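Participant: Got a structure for you, written out below as structure tokens; questions coming shortly.
No value in this document is a laboratory result; all are computed from the given coordinates. The structure displayed is predicted, hence computed values, not measured ones. Counting neighbours? That spans all protein chains shown, and the Cβs are built from the backbone with ideal geometry, glycine included.
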Protein chains: 2
Amino acid sequence: MFIEIDLESKDPLYAQLKNQIVAGIARGDLTPGESLPSVRALGADLGINLHTVNKAYRQLEQEGFILIQRQKGVFIHPEGVAPADEEYKNLLKKQLHPLIADSVCRSMSEEEFVNLSRELFREFANREGGE
Amino acid sequence: MFIEIDLESKDPLYAQLKNQIVAGIARGDLTPGESLPSVRALGADLGINLHTVNKAYRQLEQEGFILIQRQKGVFIHPEGVAPADEEYKNLLKKQLHPLIADSVCRSMSEEEFVNLSRELFREFANREGGE
DNA sequence: TAGCTGTTATATTATATATATAACAGAAAA
DNA sequence: TTTTCTGTTATATATATAATATAACAGCTA
């Protein structure tokens, strides 16, 4: 597993886990149908509690990234993640708004912000189409 | 005051307050040197505790947006907010990273994300140059 | 002097985060 | 069939954050 957790971070452990799995999917390191470690195995691997892993998994399922099957295991969603709808775009705007307000206050130009975003997109440039 | 707080939001009250003040500065509604209400006045106005307002003010001061003077009051930073340095840009990247990973998983194109960002920038398009 | 300022202190309540154990039901493999 | 593994549920505890409630203090200003 490529997942690393920072115990000193102010970000909750379960949130870090979620972000790294989403990033893994976006990067193409985790492909549709691929199985994820059990809550116990991943907890032991990362040195954290199984309930913390479970919390991340349950939220990821509810957001459409993974599929949990009661006595079988956990899998990257075989159908792929559903494409962004209006509801998601509104949520994204709500999350971007304070970041952009802050950047504007700090005299960052629209182009500078856009270039920084494009740079981050490059990390996920390989595989992954969505369909 | 143009500030509105949502008591039902999952975002902490002090964070909502911070965001709205930063947005006010970015929009140009709050200009350098302008005075903000006292912690008691704003607390009473919004129906929240003065300590919640104080927490927002203290963090805004530490981040360079405002200036607090012990027996005088609170003011939008007269010198303007310091322009983004490398440290800030790294923080911004760290905050954008999970949003972009999520968007990629949802098959959102770089252009679509960029257009959405540009749209948000337009809200702050009027005044505001930096210093 | 009276009223305002941010500040400090103390206490309480509620919620979020994380861990620790234990047990359960059902699928899968020995 | 028994064992092992799966997610799940329950309970308890510890810590941190968020928010409120009072009260008091020091210093500026009217």
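Participant: So, in Å, what gap is there between the alpha-carbon centers of the range B:22-74 and the range A:76-131?
Facilitator: 30 Å
Participant: Return the single residue from B:I68, B:I21, B:I76 with maximal mean-square fluctuation; model: Gaussian network over chain B, springs between Cα atoms under 10 Å.
Facilitator: B:I68
Participant: Modelling each spin label as a point 7 Å along the Cα-to-Cβ direction, I'd like the A:A44/A:Q95 distance in nm, to one decimal.
Facilitator: Placing both labels 7 Å beyond Cα along the Cβ direction yields 3.3 nm.
Participant: Okay, moving on. Taking beta carbons within 10 Å but only from partner chains, what does the mean come to for residues B:88-100?
Facilitator: 6
Participant: Considering chain A as a Gaussian network with a 10 Å cut-off on Cα pairs, which listed residue, A:N54, A:N19, A:N90, attains the greatest mean-square fluctuation?
Facilitator: Of A:N54, A:N19, A:N90, the most mobile in the Gaussian network model is A:N90.
Participant: Using a 10 angstrom Cβ neighbour count of at most 12 plus a DSSP loop assignment to flag exposed trypsin sites (Lys or Arg not before Pro), which longest range of chain A is free of such sites?
Facilitator: A:11-69
Participant: Which net charge results for the neighbourhood of B:D85, defined as the other residues with beta-carbon distances under 14 angstrom from its beta-carbon, given Lys and Arg at +1 and Asp and Glu at -1?
Facilitator: Spelling it out: positives minus negatives among the neighbours equals -2.
Participant: Taking the alpha carbon gyration tensor of the range A:1-44, what are the square roots of 5 times its eigenvalues, largest first, to the nearest whole Å?
Facilitator: Largest first, the range A:1-44 gives 19, 14, 8 Å.
Participant: Looking at chain A, how many pairs of lysines come closer than 29 Å at the Cα, when each pair is eight or more places apart or spans two chains?
Facilitator: Lysine pairs meeting both conditions in chain A amount to 14.
Participant: Please go through the range A:24-100 and write out the GluC sites (Glu not before Pro) that DSSP classes as loop and that have at most 12 other C-beta atoms within 10 Å.
Facilitator: Filter output for the range A:24-100: A:E79.
Participant: In percent, what relative contact order does the range A:13-76 have, based on Cα pairs under 8 Å that are 6 or more apart in sequence?
Facilitator: For the range A:13-76, the relative contact order is 38 percent.
Participant: What 222 nm value per residue comes from the helices of chain B, counting each DSSP H run with n ≥ 4 as -39,500 (n - 2.57) and dividing by all residues, nearest 500 deg cm²/dmol?
Facilitator: -17000 deg cm²/dmol
Participant: Here's something else I'd like to know. How do A:D29, B:D6 line up, fewest other C-beta atoms within 10 Å first?
Facilitator: Sorted ascending by nearby Cβ count, the order is B:D6, A:D29.
Participant: Summing Lys, Arg as +1 and Asp, Glu as -1, what charge do residues with Cβ under 11 Å from the Cβ of A:S103 carry, A:S103 excluded?
Facilitator: -1
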